[in-house]
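Each value in this text was obtained by applying a stated rule to the coordinates, not by laboratory testing. In this text the structure is predicted, and so the values were computed from the model without any measurement. We place every Cβ from the backbone using ideal geometry, glycine too, and count neighbours over all the protein chains shown.
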Amino acid sequence: MIPPASSNATATAQGRGRSRVRAKAMLALVALALLAFFLALPEPGDERVAPPAEGFVVRDVRVFDGEQLLPRATVVVRAGRIAAVRADPTTASTDDAAGLPVIDGMGLTLLPGLIDAHVHVWGNALAETLNFGVTTVLDMFSEPVAAQNLRRTRDALSPRAHADLFSAGYLATAPGGHGTQFGLPVPTLTTPAEAPAWVDARLAEGSDYIKIVYEPRDANGLGPPFPSIDRDTLAALVQATQARGRLAVVHVSRRAPALDVAAAAADGLVHVPGDRVRDDGLARQLRERGVFVTPTLSVLASLAGRGPDGTPTEGERLAADPAVRPFLTPDQRQGLGRSFGSRVSAFQFEAALATVAELHAAGVELMAGSDAPNPGTAHGASLHHELELLVRAGLTPTEALRAATTTPARRFGLSDRGRIATGQRADLLLVRGDPTADITATRQIERVWKNGAPVQRQRYPEAS
Ligand SMILES: [Zn+2]
């Protein structure tokens, strides 16, 4: 979730005020949805006892293995894991594939199940996510109890009807700060001295990593209209988190606070700044400190809203895609039709695209994250949109695919996923065409497997 309009030299104070009112109304809507659905996550059910699926073979298939394209390969799956990957199908033995059903992969591409590195999970989110071949999500703030339940079965290889969840739980923010407006009982803090105990409490609740909101006002008093923790508290939270062997990731929306995050050597930024590119050394400092960035262009596009000439929003465009639309729930279709709709933010979206290009050119590691289910986004579907937007910002399709597979897996320590390699969890996505040539081919989904078991994709007919 990102805040409403922040400082922008081209905006009038009036414009900022109007967009804030609209954004507040939108936040109220989101808050209602949160309260209604927070406790409705899927139950772990029988996963503890269900055996893994037996296996299958995909032959003569293009494989994006998480790093590069193998033009023609055979992949063997057994008991929920990848048993073999043969890049040259003519030379290797087929003993390990004996007795397994064979899928002809001619014309298709097999990819690792995708990872969405920025979501908020409640309600039916994890099933909606898996419906689009996104097999793992990194939640960046939600109520911790549901994640605790799912964590008990997360490592199992049994078939399941939902994506795997890794979660920050509650976020670190100041009293009245961003994240407190949704009605959840977020434990807040104001001083560096409180940081170690705050981090310990989250880890005791089961948080996989720590998410921090850092939105201080600038020297002119400009910035979001809510309080933030200060720089010393940010540094203390990062230090306490890393001292306990966990990742500290930070929500920012502007460059100046992002420079503080680089100085604090946090592990990642979970939005890209939306103010203009300038020569402040940000990209170089992020690169030197090894700070990754999850731009969340999908939600920044939603902030921009509809073009002045009435062109559809990015969310509306995604919802109209015939490869996407039949698999969206009615609620998801509605969500993609919503936007924050602030005129100020059209500039921010263009600036965000330019900043992604700047960071990419400097060698900063980027991750694909949608920030679903904010207005203008939908779980699962918007990750495919995010890949398209990363390519629009200048990544090659292969680089964008790494941002949704190997990069998040490596940086978040998820060693069993994100690649197609022997021993990896068999979370797989089979699509028509070649997404390393045309990134929108990731939406042409032929099959999805979670833990080696086929996923029955759900269609949602339109009301007539
Ligand atoms: Zn978010």
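Projected label points at Ala197 and Ala263, each 7 Å from Cα along the beta carbon direction, are separated by 2.8 nanometres. The angle between the Cα long axis of helix 344-361 and the main principal axis of the chain comes to about 60°, on a 0 to 90 degree scale. Normalised Debye scattering of segment 344-394 at q = 0.14, 0.17, 0.26, 0.30 Å⁻¹ gives log10 I(q)/I(0) of -0.38, -0.56, -1.08, -1.16, counting only Cα atoms as equal scatterers and leaving out solvent.
If the Kirkwood radius is taken over C-alpha pairs of segment 277-321, then at 37 °C and 0.692 mPa s the Stokes-Einstein diffusion coefficient equals 251 µm²/s.
The distance between label points at Arg287 and Arg244 comes to 3.4 nm (points 7 Å beyond Cα on the Cα→Cβ vector). Label-to-label distance, Asp104 versus Thr311, with points set 7 angstrom from Cα along the beta-carbon direction: 4.2 nm. Annotation: average projected area of segment 113-418 is 15.1 square nanometres, based on the convex hull of Cα atoms across all directions. A straight chain from Ala156 to Ala437 at 0.36 nm per residue would run longer than the Cα-Cα distance by 97.7 nm. If the chain linking Tyr460 and Glu350 were pulled fully straight, counting 0.36 nm for each residue of separation and taking away their Cα-Cα distance, it would gain 36.2 nm. Listed peptides 294-305, 64-75, 376-387 appear in the order 376-387, 294-305, 64-75 once ranked by packing, highest mean of other Cβ atoms within 10 Å at the front. The protection proxy used here, the mean number of other Cβ atoms lying within 10 Å of each residue, ranks peptides 245-252, 316-323 as follows, highest first: 245-252, 316-323.
Each Cα pair under 8 Å and six or more residues apart adds its sequence gap; the mean of these over the residue count of the chain is a relative contact order of 20 percent. Note on the chain: with charges restricted to the Cβ of Lys and Arg (+1) and Asp and Glu (-1), its dipole about the Cα centre is near 500 debye.
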